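The values are calculated or read from the model by the stated rules, or taken from the named source; none is laboratory data. Given the structure is predicted, the values throughout are model-derived calculations rather than measurements. Cβ sites come from the backbone with ideal geometry, for glycine too, and all protein chains shown count toward neighbours. Heavy atoms of the whole protein, side chains included, go into the accessibility calculation; ligands, DNA and RNA do not. Shrake-Rupley method; radii C 1.70, N 1.55, O 1.52, S 1.80 Å.
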Amino acid sequence: MDAVQTQSDANATFTPRVFSGIQPSGGLTLGNYLGAIRRFVDMQESGVETLYCMVDLHAITVWQDPDKLRHATRELAAGYIAAGLDPARSMLFNQSQVPEHAQLAWIFNCVARMGWLNRMTQFKDKAGKNRENASVGLFTYPNLMAADILLYHATQVPVGEDQKQHVELTRDIAIKFNNDFGVEFFPVPEPVIEGVATRVMSLRDGTKKMSKSDPSDLSRINMTDDAEAIAKKIRKAKTDPDALPSEAAGLEGRAEARNLVNIYAALAGQNVDQVLSDMGGKQFSEFKPMLADLAVAKLSPISEEMGRLMQDTAAIDAVLADGAARAREISAPILKRTYEIVGMVG
Ligand code: AQP
């Protein structure tokens, strides 16, 4: 077969398809839930084809204890399902069961430029001062993420604010690949960053993102926290001495207050102005217990269901195997065609 351009490539149109993923690099946080999983469920409900991955190959870009990684992968799958993802309607799978992710990532390692990756802020944040000792995988992480998305010709990628730069890099890779080989093979996907909680901040420091891998457990609400732990973490959350303002402008320069109001708004399904028109003038001593009650009411059913699902890990593994088999029906032909375009024989 001609390895360069075919008419069907040139005329390719892309049907809407959603891909996103979360790393099993620890337990799910409220940030992952509000910033990502709730959007995943919305997109599933919109009827578009959806694929959601546990990106275990990404997780090992920093050290993971093998037993904890296995546990976190299954628990993440349980979290997806408990939060409303339906394995019959969304393909749920772990990345390592679909070998085309790593294969396409290699091609993209040869498309992306060092300068592009040098600009990635997540690598700078995660490598910190110890850059020389960071894994090569952590540096090339965005190329694997581009492969995750483009392997399915996904057109929409629901993510939190912190992943926007990586989706932009994915777009650059798609455009460069198409230009280099004179094809219209890969779509240029759009990030979907919506809602009031696209960047949930640490409960201990309103300038830092809430993260699963933050050394302080008090910095985050885990999706497996019980009511007592949630209440304690919110009670201890850093705030300032002032009362809540009645309008959003009054949150200017008050990162911690803004974060708690955003979390309340996201959980209550309101916008910030609605929350402040009800809560303006209240002290944190009054607002925090209300936030804790709301968080417990919204999160407990999910954590209880996660616990129930985790009783049967064989059933979770079966969901992941089925999701991977369905995902490979899409990924295998796309990788095959990519190899042909690049000039691989066989
Ligand atoms: N704090 C957050 N607020 C809003 N969205 C968030 N996301 C993560 N943290 C927040 C979104 O969750 C999805 C999955 O993220 P990931 O696990 O693949 O990577 P991450 O962004 O690096 O998440 P963590 O929790 O901070 O993991 P670690 O600590 O392992 O690095 C993404 O859509 C992300 O935007």
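Values computed for the structure shown
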quantity	calculated
Residue 308 accessible area, assembled protein chains, probe 1.4 Å, Å²	140
Computed Kirkwood radius, in angstrom, where 1/r is averaged over Cα pairs of segment 281-346	16.6
Cα centre as origin, Lys/Arg/Asp/Glu Cβ charges: segment 217-308 dipole, Debye	220
Rel. contact order, % - alpha carbon contacts under 8 angstrom, at least six apart, the chain	25
Share of Cα-Cα pairs in segment 217-308 lying beyond 16 Å, as whole percent	53
Of all accessible heavy-atom area on the chain, the percent that carbon and sulfur account for (1.4 Å)	51
Dipole axis of the chain (+1 Lys, Arg; -1 Asp, Glu on Cβ), positive-most option in 169, 123, 327	123
In Hz, Karplus ³J(HN,Hα) per residue of segment 133-142 (6.51, -1.76, 1.60; θ = phi - 60°; x = Gly, Pro)	9, 6, 6, 4, x, 5, 5, 8, 2, x
In order through segment 162-176: 3J(HN,Hα) via Karplus (6.51 cos²θ - 1.76 cosθ + 1.60), integer Hz, x for Gly, Pro	5, 9, 4, 4, 5, 5, 5, 5, 4, 4, 4, 5, 4, 5, 5
Net dipole in debye of segment 93-234 [+1 Lys, Arg Cβ; -1 Asp, Glu Cβ; about Cα centre; nearest 20]	560
Charge dipole (segment 217-308, unit charges on Cβ, about Cα centre) - positive-most of 234, 244, 272	234
Whole-Å semi-axes of the ellipsoid equivalent to segment 138-292 (Cα gyration tensor, √5λ, descending)	38, 17, 12
Probe 1.4 Å, protein heavy atoms only - accessible area per residue of the chain in square angstrom	45
Heavy atoms of residue 164 accessible to a 1.4 Å probe, total area in Å² rounded to 10	80
Length-normalised contact order of segment 92-148 in % [C-alpha pairs under 8 Å, at least 6 apart]	54
Relative contact order (%) - segment 217-308, alpha-carbon pairs under 8 angstrom, separation at least six	38
Once the Cα gyration tensor of the chain is diagonalised, semi-axes √(5λ) in Å	37, 22, 19
Computed helical MRE - 222 nm, the chain, DSSP H runs ≥ 4 contributing -39500 (n - 2.57), nearest 500	-16000 deg cm²/dmol
Rg ratio (alpha-carbon, reference 2.2 N^0.38 Å) - segment 165-204	1.70
Partners for residue 212 among lysines (Cα-Cα distance below 16 Å; same-chain residues under 8 apart left out)	68, 126, 233
Size of electric dipole in the chain: Cβ of Lys, Arg +1 and of Asp, Glu -1, about Cα centre, debye, nearest 20	800
Cβ-based charge dipole, segment 217-308, positive-most Cα from 284, 263, 221	221
